[in-house]
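Student: Attaching a single structure in structure tokens format; questions to follow.
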Amino acid sequence: MSFYMLTKRGIILKLHVSPNAAKTHISGMHGDSLKLRLKAPPVDGKANKELIKFLNTSLKSKKVKCEIVSGQTSRDKHVLLKDFFDTKWVESIFCKS
């Protein structure tokens with residue numbers, strides 16, 4: 001199973017996040033989700049902001065708009081890469097680790 005889904009709106013990333021890490025980074029797979037460790041705590045939306053910031057930094061050369069579409073208060077999240085459909089490019093960015 002893949003960590004992303006191609007939809008009419010763009011690519012949806014399936015993520016499993018762990019807040020309060022020493023640094024923000026991709027740490028592999030968690031089932032069929034990409035596992036991300038986030039430095040920010042899960043308080044007042046700080047972890048979600050850190051997640052979007054990390055994704056935007058990782059994807060900046062493509063100017064992709066990222067939006068959390070489910071899992072605002074959960075470790076399991078779906079993030080939409082709005083109007084972006086290049087699955088090979090997404091795999092090349094996130095499958096390095």
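The values are calculated or read from the model by the stated rules, or taken from the named source; none is laboratory data. As the structure is a prediction and not an experimental result, all values here were calculated from the model. As a convention, Cβ positions derive from the backbone with ideal geometry for all residues, glycine included, and neighbour counts pool all protein chains shown.
Student: Could you say which residue among 7, 24 is touching a helix residue (DSSP H, G or I) at 6+ places or on another chain (Cβ under 6 Å), of a type in the set (Val, Ile, Thr) and at pLDDT 95 or above?
Tutor: 24
Student: How many residues are surrounded by 13 or more Cβ atoms within 10 Å (Cβ to Cβ) and either touching a Phe, Trp or Tyr at 6+ places or on another chain (Cβ under 7 Å) or farther than 21 Å from residue 47 by Cα (or both) if we restrict to region 63-85?
Tutor: 3
Student: Right, something else. Exactly one of these conditions fails for residue 90: (1) under 10 Å from the mean Cα position of the chain (by Cα); (2) at pLDDT below 95; (3) of a type in the set (A, V, I, L, M). Give me its number.
Tutor: So the condition that residue 90 fails would be (1).
Student: Within region 38-57, how many residues are surrounded by fewer than 18 Cβ atoms within 10 Å (Cβ to Cβ) and within 21 Å of residue 91 (Cα to Cα)?
Tutor: 4
Student: Which residues, taken from region 7-24, are surrounded by 14 or more Cβ atoms within 10 Å (Cβ to Cβ) and not polar (S, T, N, Q)?
Tutor: Matches in region 7-24: 9, 10, 11, 12, 13, 14, 15, 16, 17, 19, 21.
Student: Could you list, in sequence order, the residues of region 29-63 that are of a type in the set (Gly, Ala, Ser) and farther than 16 Å from residue 74 by Cβ?
Tutor: 58, 61
Student: Just checking, does region 28-35 include any residue being small (Gly, Ala, Ser), exposed (fewer than 14 other Cβ atoms within 10 Å of the Cβ) and in contact with a Lys or Arg (Cβ under 7 Å, 6 or more places away or on another chain)?
Tutor: Checked against the condition, which is being small (Gly, Ala, Ser), exposed (fewer than 14 other Cβ atoms within 10 Å of the Cβ) and in contact with a Lys or Arg (Cβ under 7 Å, 6 or more places away or on another chain), region 28-35 yields at least one hit.
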